[in-house]
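Below is one structure, written out as structure tokens, with a few remarks after it.
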Protein chains: 2
Amino acid sequence: MTEEGARLSELAKRRGFFFRTAAAYGGVAGFYTYGPQGATLKDNVEAAWRDRFVTREGHMEVSSPDVMPEAVFEASGHLDGFDDMLVDCPECGASHRADHLVEDATDVADAESMSPQAVGELIAEHDIACPACGVALAGEPVEEFNLMFETTIGPGSGSAGYLRPETAQGIFVEFPQLAEYARNQLPFGVAQIGDAYRNEISPRKGLVRVRAFTQAELEHFVDPEEDEPPIERVADVTLPLYSAQAQQHGGEVRELTVGEAIEEGVVANDWIAYYLGVATPWYERIGVDMDRFRYRQHLPGELAHYAADCWDAETEVDGDWIEATGFATRADYDLAKHAEHSGEDYSVFKQYDEPIAVERPTVDPDMSVLGPEFGGAAGEVADALRSLAERDPDAFDGQEVTVEVDDTAHTVPVEATGFGIEEVTESGEHVRPHVIEPSFGVGRLVYTVLAHCYETDLVDGDERTYLALPPEIAPTTVGVFPLMDKDGLGERARDVERELRAAGLAVAYDDSGAIGRRYRRQDEVGTPFCVTVDYDTLDDHTVTVRDRDSTDQKRVAIEGLPGTLRSLRDGDLAFADL
Amino acid sequence: MTEEGARLSELAKRRGFFFRTAAAYGGVAGFYTYGPQGATLKDNVEAAWRDRFVTREGHMEVSSPDVMPEAVFEASGHLDGFDDMLVDCPECGASHRADHLVEDATDVADAESMSPQAVGELIAEHDIACPACGVALAGEPVEEFNLMFETTIGPGSGSAGYLRPETAQGIFVEFPQLAEYARNQLPFGVAQIGDAYRNEISPRKGLVRVRAFTQAELEHFVDPEEDEPPIERVADVTLPLYSAQAQQHGGEVRELTVGEAIEEGVVANDWIAYYLGVATPWYERIGVDMDRFRYRQHLPGELAHYAADCWDAETEVDGDWIEATGFATRADYDLAKHAEHSGEDYSVFKQYDEPIAVERPTVDPDMSVLGPEFGGAAGEVADALRSLAERDPDAFDGQEVTVEVDDTAHTVPVEATGFGIEEVTESGEHVRPHVIEPSFGVGRLVYTVLAHCYETDLVDGDERTYLALPPEIAPTTVGVFPLMDKDGLGERARDVERELRAAGLAVAYDDSGAIGRRYRRQDEVGTPFCVTVDYDTLDDHTVTVRDRDSTDQKRVAIEGLPGTLRSLRDGDLAFADL
């Protein structure tokens, strides 16, 4: 851990942003609790996300349970494919990510994509030892370990349930209802903010690789043939793009507008480009330092098998680039899987402007031929012929047609199939939407914002540490202090505190120690404004309002103070204009 | 289910408030997904709770993970005591709550408090049969079933983790840190909104008895000797109180102010009385019908073993009284348990105003006596003497003193113990706070509000159904309609939609069908205001704003419309004054 990481962990624990869960019992790796400052900071980031990606975009929001039944993850592929490679030390029993050991000890860069057997061979070949106790791991089995937390629903043997590895499946599985609420009109977006879980083999790096984390995911369902995003709204937003090509050929991050990125084909999918344009000012709004930010395209080998393209928003913290958001095209992969596994309809019916006449192949097999020929299999042969006619009507062009039933080929004379072409009128068609998914890691954003807003300067010759959090995001909006707790100043300050709280402002009251120390305490947790009640207050009903970043102070009337502070918080008023 | 319950379920599913999770796979009992209307309604209830019970009270908020390690629940008592009684049918395999079967079939009212054996005997005695298949259950074992969902953290045998049965333990276990953030000053409150889990044997009743649910809990840590709540702020609030005494002696609900309830001793704990006073107007604020609301005191047999008193806020829905909030005194039970199990300090150090002199017994045993006398046990005897002197200095009044070490009594002449009284100066003392806990079930409140806000009336001779949700809570604040989608009305309405969304308002756009039908759609999901763009709009830049409850309409200028609608939503402006 570098200096920045150590400094962050220290501040986070000391001032209550986050700390290891259940430290009284030794803690448990990969689980963190957000303390009084951190929980509110996280709430505020979530509220800003909801404002931008749900309310302003006009999308819907849902909330599904963290525990889902096995069938959901059988369909999604997580039950089979959501694995990491595990090797256990025969001596000390420590478990390790086998692919990470190989990557650390060799030139291999993507051991994750290799087979467990190949990774095991590399461990033996390079004499890789247990990082915990130094014993050789050669010959130890490398196994796939499923990263979902499993539990049992109901008494007795019950039924298997899993803590969801992504909030997205809670949306996909409910698509039939959701389409109904959207009145079957594409495009529509469905968002969810909630927890997801990965039973990491070896969690590390504070909030970055944890076993329980909060996601803010948006699944935007679009008609791949027709729908276009409103690019004009974001065309001029500048994106720092680090394309796959640049990564592969020693190129650099390029600054392109959304319009240019589409024009030059750097971002191939318009919907992805649109969301990069929406997201960029939002990162800045919550306090990300855009000089330590980039969009990195996935390399071909990194892409999930269902994804045509994916860009990660990455933030630089502690010398590493952290994936804070993934912007992916998931095509119709998930909806198709749930349709296949559940037998339900995961499409929308798209009405044509006018009904159209289409030709449709029909089959009406002559059972007096098929019966004697195929016996008990005749019914299945007839079904196979119907299915073939839909799939491939040209197969009926010759004298005979062959279908397979239970691995046996059956040949039928075309004249016995009753094949024909019928003209029918169709009022519309079933469309399986494609999915554009911006998926945000809330904890990683909180961690980034803490790192990027950490500032030091000199005030009256002394070094000062402060968090330059945007007022909208800061856990406390205003500190209220009596200059001293005597001569009625305390009571007056308590009145101000109560009035500000009644206006819905987050207030910290502090009457302990010198005023300078009280300012420092609020500076360190990012409180943007402090109000001091002094002897003048008793005479003229004004207070001092002090700005965190400039440390400037202004005299303001108590009357109207709640409204003034709300305007400062909401960005409707600048401190300089006070 | 009565008419109200059936009507609610139908509305909830059809309009997307909530529905069974993963219905495509047959669903899984006790798990619900909040749909597009419900998730936002739930968010809004949580935001109103945070505003009232965190921000305005000046409490802290934390967010701990849903999965916690076993040690936490060993200490809290959930591992041993969080059970229901289970009986399995030998024929069909269905699992049942044994105590519920007995209560349904006999006069026994509190089978839950009986032993499994006694419940088993009642099943045999009353020939109780399986409700699913009718086979007799006599002789089947009745067993305790732990209601926590268990999982495994980490690979291999890993370590046991549990989905928390209440959010509270995520606060209690972190008390040492939390006290530090509160600078060791009592009283202070710590809140958490999050999910909790009960692996119910037979979940039922929609959102009322589910396996995953959201709690909003506040743990208020107070010095039991000194701290008093600010009763004056709520003294005049009227509480509908259904005391234990009234329940036991055929009494009724009594309407008493907070002040009267304390004066008459109906509510014995002032902190409980304070929170009943804070909560009452809040229930009304979120849309609870206070004519279908009461506070019911727990009967002596109902109380948790650690609770001195408990009052439930109950709401009447579908003919049943639902527990929507518990207001309990948990004393120092949880903190004492965590101190005992973890060995950490779960107290705060209370500084005296001035240091005080106290007498403290000391022991300085003469080892030249104890050594020869007790041999290897001499050291332990000396420790036992020290401990006894602290506990019971009077034991050293006689000639001899006796201590036990490993079940053996050892007698020592007092003069060999070096017993004496020393005067020391103490600057303060360790205090273990007591806990006052208002614990809200968010889903039950959402369910209540849907039921209580469901209204019907006649509009133009037709029956209309609408949800009279308070504007602050309604999922959508404003519907925007073009009178028709032609002559530029659609474009103008889209402009209005965009402007309102940019102001952070939750907007639904609808251009489909007759205006009357569009009003009905919004009425049914509780949208308080609708804006219609018509031909006059193109001339004079005004729109029609329509009020849901009165169906009154007013003409309002587009300029300033976002601010007007925000004021209507926030209660700063009444529609009648528009």
Output yes when any residue across region A:112-128 is crowded, with 17+ Cβ neighbours inside 10 Å, within 13 Å of chain B (Cβ to nearest Cβ) and within 28 Å of the chain's Cα centre (by Cα), and no when none is. no
Out of all the residues in region B:138-169, which are under 24 Å from B:Val102 (Cβ atoms), of a type in the set (A, V, I, L, M) and within 7 Å of another protein chain (Cβ to nearest Cβ)? none
Quick one: would you say A:Ala47 is without any contact (Cβ under 8 Å) to a residue 60 or more places away in the chain and out of contact with any Pro (no Cβ under 6 Å at 6 or more places or on another chain)? yes
Select from region B:257-290 the residues that are farther than 24 Å from B:Glu225 by Cα, in contact with an Asp or Glu (Cβ under 9 Å, 6 or more places away or on another chain) and open to solvent by 40 Å² or more (accessible area, probe 1.4 Å) and list them in ascending order. B:Arg285, B:Asp289, B:Met290
Taking the condition in contact with a strand residue (DSSP E or B) (Cβ under 7 Å, 6 or more places away or on another chain), modelled with pLDDT under 90, polar (S, T, N, Q) and not assigned by TED's automatic domain parsing to the domain that holds A:Leu239, does A:Thr417 pass? no
Against the definition (in contact with a Gly (Cβ under 7 Å, 6 or more places away or on another chain), touching a residue at least 40 places away in the same chain (Cβ under 8 Å), under 30 Å from A:Phe18 (Cβ atoms) and surrounded by 23 or more Cβ atoms within 10 Å (Cβ to Cβ)), how does B:Val62 come out, yes or no? yes
Just one of B:Asp570, B:Asp549 is at pLDDT below 95 and either open to solvent by less than 20 Å² (accessible area, probe 1.4 Å) or assigned by TED's automatic domain parsing to the domain that holds B:Arg492 (or both); which is it? B:Asp570
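So that you can scan it fast, the table gives a plain yes or no per residue for (1) touching a residue at least 60 places away in the same chain (Cβ under 8 Å); (2) in a loop (DSSP other than H, G, I, E, B); (3) under 20 Å from B:His305 (Cβ atoms); (4) not aliphatic (A, V, I, L, M):
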{"site": "B:Val87", "(1), (2), (3), (4)": "no, no, no, no"}
{"site": "B:Glu91", "(1), (2), (3), (4)": "no, yes, no, yes"}
{"site": "B:Leu101", "(1), (2), (3), (4)": "no, no, no, no"}
{"site": "B:Asp104", "(1), (2), (3), (4)": "no, no, no, yes"}
{"site": "B:Ala118", "(1), (2), (3), (4)": "no, no, yes, no"}
{"site": "B:Asp127", "(1), (2), (3), (4)": "no, yes, no, yes"}
{"site": "B:Pro131", "(1), (2), (3), (4)": "no, yes, no, yes"}
Qualifying position, being under 30 Å from A:Ala191 (Cα atoms), at pLDDT below 95 and among the small types (Gly, Ala, Ser), among A:Gly443, A:Gly504, A:Gly513: A:Gly504
Pick from region A:30-53 the residues that are under 14 Å from A:Gly194 (Cβ atoms) and open to solvent by 10 Å² or more (accessible area, probe 1.4 Å): which of them is farthest from the other protein chains (Cβ to nearest Cβ)? A:Glu46
Can you say whether B:Gly27 is within 11 Å of another protein chain (Cβ to nearest Cβ), open to solvent by 10 Å² or more (accessible area, probe 1.4 Å), over 18 Å from the mean Cα position of the chain (by Cα) and at pLDDT below 90, as far as the supplied structure shows? no
Is there a residue being within 25 Å of B:Ile153 (Cα to Cα), hydroxyl-bearing (Ser, Thr, Tyr), buried (at least 22 other Cβ atoms within 10 Å of the Cβ) and in contact with a helix residue (DSSP H, G or I) (Cβ under 7 Å, 6 or more places away or on another chain) anywhere in region A:151-167? yes
Restricting attention to region B:223-236, does a residue exist that is within 13 Å of chain A (Cβ to nearest Cβ) and under 21 Å from the mean Cα position of the chain (by Cα)? no
Name, by its number, the condition in (1) more than 8 Å from chain B (Cβ to nearest Cβ); (2) crowded, with 24+ Cβ neighbours inside 10 Å; (3) touching a strand residue (DSSP E or B) at 6+ places or on another chain (Cβ under 6 Å) that does not hold for A:Ala12. (2)
Kindly provide the set of residues from region A:183-193 that are on the phi > 0 side of the Ramachandran plot and either touching a Pro at 6+ places or on another chain (Cβ under 9 Å) or assigned to a strand (DSSP E or B) (or both), ordered by number. none
In region A:300-354, the residues that are within 28 Å of A:Ile262 (Cβ to Cβ), more than 22 Å from the chain's Cα centre (by Cα) and aliphatic (A, V, I, L, M): A:Val348
Pairs please, first residue from region B:387-410 and in the same structural domain as B:Val424 (by TED's automatic domain parsing), second anywhere and exposed (fewer than 13 other Cβ atoms within 10 Å of the Cβ) and hydrophobic (A, V, I, L, M, F, W, C), Cβ atoms under 8 Å, 6+ apart in sequence or on different chains. B:Pro393/B:Ile421; B:Thr402/B:Ala409; B:Val403/B:Ala409
Condition (residue is surrounded by 21 or more Cβ atoms within 10 Å (Cβ to Cβ) and part of a loop (DSSP other than H, G, I, E, B)) applied to region A:310-326: is it met by at least one residue? no
Qualifying position, being hydroxyl-bearing (Ser, Thr, Tyr), within 14 Å of another protein chain (Cβ to nearest Cβ) and either within 18 Å of B:Arg15 (Cα to Cα) or open to solvent by less than 20 Å² (accessible area, probe 1.4 Å) (or both), among B:Thr456, B:Thr477: B:Thr477
How about region B:170-182: which of its residues are facing chain A (nearest Cβ under 7 Å) and in a loop (DSSP other than H, G, I, E, B)? B:Val173, B:Glu174
Of (1) in the same structural domain as B:Glu415 (by TED's automatic domain parsing); (2) of a type in the set (Asp, Glu); (3) at positive phi, B:Asp318 fails just (1)
If you check A:Gly139, A:Gly81, which single one turns out to be more than 25 Å from A:Thr214 (Cβ to Cβ) and surrounded by fewer than 22 Cβ atoms within 10 Å (Cβ to Cβ)? A:Gly139
Being within 14 Å of chain A (Cβ to nearest Cβ) and either open to solvent by less than 60 Å² (accessible area, probe 1.4 Å) or among the β-branched types (Val, Ile, Thr) (or both) is the requirement here; does B:Ser387 meet it? no
Condition set open to solvent by 10 Å² or more (accessible area, probe 1.4 Å) and of a type in the set (Gly, Ala, Ser), scope region A:195-219, selection nearest to the other protein chains (Cβ to nearest Cβ): answer is A:Ala212
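The values are calculated or read from the model by the stated rules, or taken from the named source; none is laboratory data. From a predicted model like this one, the values you see are computed outputs, not experimental measurements. As a convention, Cβ positions derive from the backbone with ideal geometry for all residues, glycine included, and neighbour counts pool all protein chains shown. With ligands, DNA and RNA removed, areas are computed over all heavy atoms of the protein, side chains included. Shrake-Rupley method; radii C 1.70, N 1.55, O 1.52, S 1.80 Å.
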